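What follows is a set of notes on a single structure, which appears directly below.
The values are calculated or read from the model by the stated rules, or taken from the named source; none is laboratory data. Every value quoted in this text rests on a predicted model; they were computed, and no experiment measured them. Neighbour counts are summed over all protein chains in view; Cβ atoms, including those assigned to glycine, are modelled from backbone coordinates with ideal geometry.
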Amino acid sequence: MRGSVFTNFQEMVEAQFGMACWETLLANCDLPSGGIYTASENYDDQEILSLVVALSDETNIPVNQLVEAFGRYLYKGLMHSLPPSMRDYPDLWTLLEAVDSVIHVEVHKLYPDAVTPKLIVQEKFDTGVKLYYQSPRKMCLLAIGLVHQAAESFGMSVSITHECCMHEGADHCLLLVEQEQVKQD
Ligand code: HEM
């Protein structure tokens, strides 16, 4: 996993739970890197999993909830790393279509050894899209957090339904992303 993911994770932990919490995680995890991350380097996927499990033990927040919350946090950091010309999309649906065909392609140009998921807009509806997610990392919850934050950046709120999931034996996940209607009084 790319070091920028780890540096964003460290930032989130320090901002939301304090520096001491990050130090405790490092002390409780046996990390080959020693917990020193450089944004452009690559680190073992197992390290991020160990850190999230340790954070869950420390905070009593379930792992799944932490991964999704981290996806929300990570969105801004990832977006900022793109050249300005690649950050501008008219709406959430256009951005979601660009993730696989433009954004992650750019990531692979910069880092040929990057591992990004297959993330395809499989169907479009008036009120949303169906996203196909496939990755050996099975980080669909991270994708869900990223999509929620992307929606928020357009001033929208979405509901996301996991119609099938790699964690339940499927070979891909299907995520139904629908715009939430603003309640009228
Ligand atoms: C809604 C928008 C996005 C979604 C849903 C998304 C989804 C994901 C997911 C789920 C992963 C984890 C790896 C995996 O599942 O295999 C990932 C990795 C990554 N994404 Fe995206 N992404 C989004 C936007 C972006 C943006 C804006 C960037 C900007 C550069 C970006 C760059 C990366 C990078 C660098 C990685 C790590 C690659 C590695 O570790 O080798 N993503 N993305």
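Could you look through the range 53-65, keep only residues that are touching a helix residue (DSSP H, G or I) at 6+ places or on another chain (Cβ under 7 Å) and in contact (Cβ under 8 Å) with a residue 24 or more places away in the chain, and pick out the one that is nearest to the ligand (Cβ to nearest atom)?
Looking at the filtered set, the residue picked out is 64.
Residue under question is residue 58, and the condition is that it be part of a helix (DSSP H, G or I) and touching a Leu at 6+ places or on another chain (Cβ under 9 Å); does it hold?
yes
Regarding residue 7, is this residue within 16 Å of the ligand (Cβ to nearest atom), β-branched (Val, Ile, Thr), under 24 Å from residue 108 (Cβ atoms) and part of a loop (DSSP other than H, G, I, E, B)?
Answer is no for this residue.
Against the condition of a type in the set (A, V, I, L, M) and over 30 Å from residue 105 (Cα atoms), how does residue 26 come out, does it pass?
yes
Among the residues of the range 108-126, how many are surrounded by fewer than 17 Cβ atoms within 10 Å (Cβ to Cβ), among the hydrophobic types (A, V, I, L, M, F, W, C) and either within 24 Å of residue 152 (Cα to Cα) or out of contact with any helix residue (DSSP H, G or I) (no Cβ under 8 Å at 6 or more places or on another chain) (or both)?
The qualifying residues number 3.
Condition test on residue 153, is it at pLDDT 95 or above and surrounded by 13 or more Cβ atoms within 10 Å (Cβ to Cβ)?
yes
Considering only the range 13-37, how many residues are outside any helix (DSSP H, G or I) and surrounded by fewer than 13 Cβ atoms within 10 Å (Cβ to Cβ)?
Looking only at that region, the number is 5.
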